[in-house]
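Participant: Here it is, the structure in full.
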Amino acid sequence: MTSSSPERKPDLHQAWHHAVAALNLSAPDDVALHPGLGGRTLSGPATTTEGSSVWLRVMSAPHPGGKVWEGTSLADALLGGDVPRPRLLAEYTWGETPAFQALLWERMPGTVVSTTPALTTPANNDARWWHDLRRALTALQAAPAPQDRQVFTQAFIHRIPDHIPEIAEAGVDLNVRTWVASHGDLHWANLTRDPLMILDWEGWGLAPLGYDAAVLHAYALAEPETAAEVREAFADVLNTGAGRLAHLVICAEIVQAAERDALHARLAPYARRFAAEVLTAPQ
């Protein structure tokens, strides 16, 4: 009896250069490419035949289709210009098992606020940036997200005490009252300045009211000055029952993810401490 060989991971470098050729782009053989968290995407700069700078990302999946696969094109179709994001120029897919998806964007004019999702230095954004972000998220909440497209389910939220048991001990009501269209992964590496843009829309959908603001706050916990700015900018939602629940959800997600990667392992103690503050704060 012969043993089966381990499944080989898709070669994203080869796939990225394949997409360059298929989309009639050009890029140096030694172009610097940037892997995404989890190693399932690879992104980098390319140039069109007209000489325009563009950004190409390739993603692999066991099969084509699904929430993440469809997220970016759906955001492009349903979100208006009040939600600032790079313009999607082309989509190219190939393969079946695995499947590959190449997405081509205009090159964003700004710079990312942070090269990592969690801050390691203060964000140092001015009042205008905070105003623009607040306006963008307000516009996003009004977008017509499909009802069957959720960042996560109510069933998942009922399980967050598995990761922070004190939530169950405190008797928190985990039922979401209001679901709104949300980015779903609003960390600091997905935001730019000069101008503000919001990147990476693959996982967007319905989430509890206040979730995006809570994610942004949680990934700033290691930098108290910026965390305080988030709380101030979104005080009207974070200082409510909905905001309290949103905070507990993202804190539990961070604790859960700490088992998988070093970034969340570093952030988890901050998330645990903040969750304890939320649970003991007067209502």
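The values are calculated or read from the model by the stated rules, or taken from the named source; none is laboratory data. Remember, predicted model here, so these are calculated numbers, not experimental data. Every residue, glycine among them, receives a Cβ derived from its backbone with ideal geometry; neighbour counts consider all protein chains shown. Calculation scope for accessible area: heavy atoms of the full protein, side chains included, ligands and nucleic acids excluded. Shrake-Rupley method; radii C 1.70, N 1.55, O 1.52, S 1.80 Å.
Participant: Which peptide among 210-216, 168-174 comes first, and what is the full order, when sorted by highest mean count of other Cβ atoms within 10 Å?
Facilitator: 210-216, 168-174
Participant: For the Cα atoms of the chain, what angle does the longest principal axis make with the long axis of helix 67-78, in degrees from 0 to 90, nearest 10?
Facilitator: So the inclination is approximately 90 degrees.
Participant: Right, here's the next one. Plugging the Kirkwood radius over Cα pairs into Stokes-Einstein for the stretch 110-264, at a temperature of 25 °C and a viscosity of 0.890 mPa s, what D comes out in µm²/s?
Facilitator: It diffuses with D of about 155 µm²/s by this estimate.
Participant: Measuring from the lowest to the highest alpha carbon on each principal axis, how far does the stretch 32-141 reach, largest first, in angstroms?
Facilitator: Principal-axis extents of the stretch 32-141 (Cα, largest first): 47, 34, 32 Å.
Participant: Still on this structure, please answer the following. From the phi angles alone, apply the Karplus equation (6.51, -1.76, 1.60; θ = phi - 60°) to the stretch 162-170 and give each ³J(HN,Hα) in whole Hz, x where the residue is Gly or Pro.
Facilitator: 4, 9, 10, x, 4, 4, 5, 4, 7
Participant: Could you give the accessible area per residue of the stretch 168-267, probe 1.4 Å, as a whole number in Å²?
Facilitator: Heavy-atom SASA per residue in the stretch 168-267 reads 36 Å².
Participant: Using only helices, what value at 222 nm comes out for the chain when you add -39,500 (n - 2.57) per DSSP H run of length 4 or more and divide by the total residues, to the nearest 500 deg cm²/dmol?
Facilitator: Value at 222 nm, helices only, nearest 500: -11000 deg cm²/dmol.
Participant: Give me Rg/Rg_expected for the chain, where Rg uses Cα atoms only and Rg_expected = 2.2 N^0.38 Å with N residues.
Facilitator: Ratio of Cα Rg to 2.2 N^0.38 Å: 1.05.
Participant: Could you look at the stretch 34-130 and say what percent of its accessible area is carbon and sulfur, using a 1.4 Å probe and all protein chains?
Facilitator: 53
Participant: Taking the Cα centre of the stretch 128-283 as the origin, how large is its charge dipole in debye, to the nearest 20, when only Lys and Arg (+1) and Asp and Glu (-1) carry charge on their Cβ atoms?
Facilitator: 180
Participant: Another question, if that's okay. Among VAL20, THR178, GLY51, whose Cα projects farthest towards the positive end of the dipole of the chain, with charges put on the beta-carbon of Lys, Arg (+1) and Asp, Glu (-1)?
Facilitator: After comparing all options, I get THR178.
Participant: Also, I was wondering about something else. If each of ARG260 and THR49 carries a label point 7 Å out from its Cα toward its Cβ, how far apart are those two points in nm?
Facilitator: For ARG260 paired with THR49, the spin-label model returns 4.1 nm.
Participant: With each pseudo-label sitting 7 Å past Cα toward Cβ, what's the GLN147-ALA276 distance in nm, one decimal?
Facilitator: In this crude spin-label approximation the distance works out to 4.2 nm.
Participant: Rg/Rh for the stretch 166-231: what does it come to with C-alpha atoms and Rh from Kirkwood?
Facilitator: Ratio of gyration radius to Kirkwood radius for the stretch 166-231: 1.03.
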